[in-house]
Every structure is written in structure tokens, then in C-alpha cells.
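Colleague: Input: one structure, supplied below.
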Amino acid sequence: MAEPWTVLRLLNWTREHFVKAGVDEPRLAAEVLLACALRCPRIMLYARFEYEPNAEELAAFRERVKRAAAHEPVAYLVGEKEFYSLAFAVTPAVLIPRGETELLVDEAVKHLRSLGRPGRVWDAFTGSGCVAVAVAVQAKDATVLATDVSPEAVAVAAGNARRHKVDSRVRCEVVDRLDWAEAGEFDVLTANPPYVAVGAPVGQCVQHEPSSALYAGADGMDFIAPLVRDAPPRLAPGGALVLEFGYDQADRVRDLIVAGGAFAEPRILRDHQGIERAAAAVRK
Ligand code: GLN
């Protein structure tokens, strides 16, 4: 009799298959897909190594393994991605949250805590809402405006606010860039806008993500430049702009922030790979 397909055998086989196919984090990808097919938390796989999935579970798993091996992002195949230790729903209408974007949350929360009163946050270009929701979860008295030009993205963000029970403090609205008509100043403005230069090489998985969330003209600055220009009147004095940018844009972003004259010298923050990844600038 053939050896049965247990959880352990499936994970080992799939990991090998993903290594050969060049899938990122092959073991993790295998675990995430199998946990999804078995409808159990990933960690529970370790208690079920000898379990033999039934035909329906196997079919669900194999279908997703095939697509992942063809470089569809695992997060889209299972419909969620972890960010700041929270599970966020994602669809192909939104960028998949990246670990380096957690920097924006750290910085926003630090600034909010320094206020000593409930703060107002605007997360522009919110996508899945990961920054907006993680900030609201961390800063329990903050109110957050989360905006995106894509109605599909705003729906995903609103769902994530409900999922993490911060929907009473996170307002999600369809807004292009900073074209928010209501008055009011914010204590923190976070943004992870599109910043990839058109034509720059991106990974195979990234090609499945919305190009409108990634690309920003010939130099990748089409959204960052107007954002830096238009941000000051949206911020209260002492308010912070916390902005993510691309690996080679730190100097240009610093120059833009300084040239505008409204901000003090920005701090440039590095991600866990040591790459300059975000700027934090306080309005004078
Ligand atoms: N960091 C993303 C990437 O390299 C880009 C995200 C963005 O454009 N905001 O794929």
C-alpha cells in the first residue's frame, strides 16, 4: 500500500516543491496553505502531523499549491496576511501588508503616546487598512481616518476595522490623495503611497498586486512629492508626517521635506533589513 499523505508528509513534499519553484519562504507557505485547507490555525498543524486530510481537504490544498507554485501570492490564496501580529483580510484589490510597513505603526503610536491626550490620525493610501487598524488597536483612545482612492480597498479596510473591533474609531472613506473636504487638523499623518518607478523590476508575486498601489511615475515620486507638499496644512503644529518610501528615495524625500520649510529636519527610519524606508517629520 502507498504511504498515506499525512500532514507531515504533505508539508515536506510541498516545501520541496516550492523550493524548486522558487517560492519565497517555502515552509511557511506550505504551512499557511495547509492550515487554510484544514481550517485550523497554522500552529495546530504541529499537533496533527499524523492526520490524513480527507479528499475534500486535499483537493483544496492541491489547488492552492499549484497556484502558489505559479507565483500567485499566498496571502491572496488564503485571503489574509499577518501584520503587527494581527490577521488582515486581503483581496487582489489591495497591496499585501509588508513587514517593513510596521515601522509606520511604531512611529505613529510613539508620537500619539507623547501627546498625553487622545490623538487624531489620518492614514492616507490605506489599502487593506493595516496601518490604520494597527494604530487604533495600539492607541486605544486615538481616532483614525483611513482613506484610499479605491472603493474596493476602502471596503477591505472597513472590514478589517470591524474584524479588530476598532470600527467605532476608524472611519474609512473613499478619498483621492489628500482631497478630504472636511476641516480639521491631524496629530499624525501616515502614508504608504505607491512609490515604485515604472519599469523597475518587481518580484513575480508583486505582479499580482494592484499596479495602482505600486507604481508612481518614472521616478516613483508621483505621489510622495504632492503628499509632502500638501501635508502641512493637514497637520496640527507639532503633528507628524510618517511616510514610507522606496529603497533609493531617502535623499529625495528628505530634500522635499526640508525644501518645503514647514517641517523640522526629518528623521529617516530603517527597516529590519537596514534599508532606509520611512521618514518622520514634525510640523513646525
Ligand atoms: N514595498 C513595496 C514593494 O517593494 C512597494 C509598496 C509601495 O509602492 N507602497 O513591492
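Colleague: Among the residues of segment 246-284, count how many are under 18 Å from residue 188 (Cβ atoms), assigned to a loop (DSSP other than H, G, I, E, B) and touching a Lys or Arg at 6+ places or on another chain (Cβ under 7 Å).
Modeller: Matching residues across segment 246-284 total 3.
Colleague: Is it true that some residue in segment 35-43 is surrounded by 20 or more Cβ atoms within 10 Å (Cβ to Cβ), under 16 Å from the mean Cα position of the chain (by Cα) and among the aliphatic types (A, V, I, L, M)?
Modeller: For segment 35-43, residues surrounded by 20 or more Cβ atoms within 10 Å (Cβ to Cβ), under 16 Å from the mean Cα position of the chain (by Cα) and among the aliphatic types (A, V, I, L, M): absent.
Colleague: Suppose we filter segment 78-124 for residues that are part of a helix (DSSP H, G or I), surrounded by fewer than 20 Cβ atoms within 10 Å (Cβ to Cβ) and in contact (Cβ under 8 Å) with a residue 12 or more places away in the chain; how many remain?
Modeller: 6
Colleague: Okay, next question. Please enumerate the residues belonging to segment 44-79 that are hydroxyl-bearing (Ser, Thr, Tyr) and closer than 16 Å to residue 28 by Cα.
Modeller: Correct list: 46, 76.
Colleague: I'm trying to understand the selection: among the residues of segment 186-222, which are hydroxyl-bearing (Ser, Thr, Tyr) and within 9 Å of the ligand (Cβ to nearest atom)?
Modeller: Passing the criteria: 195, 215.
Colleague: Suppose we filter segment 75-92 for residues that are of a type in the set (A, V, I, L, M) and within 15 Å of the ligand (Cβ to nearest atom); how many remain?
Modeller: 2
No lab work stands behind these numbers, since they all come straight from the coordinates. Predicted model, so just to flag it, every value in this text is computed and none were measured. Note that we place each Cβ from the backbone using ideal geometry, even for glycine, and neighbour counts take in every protein chain shown.
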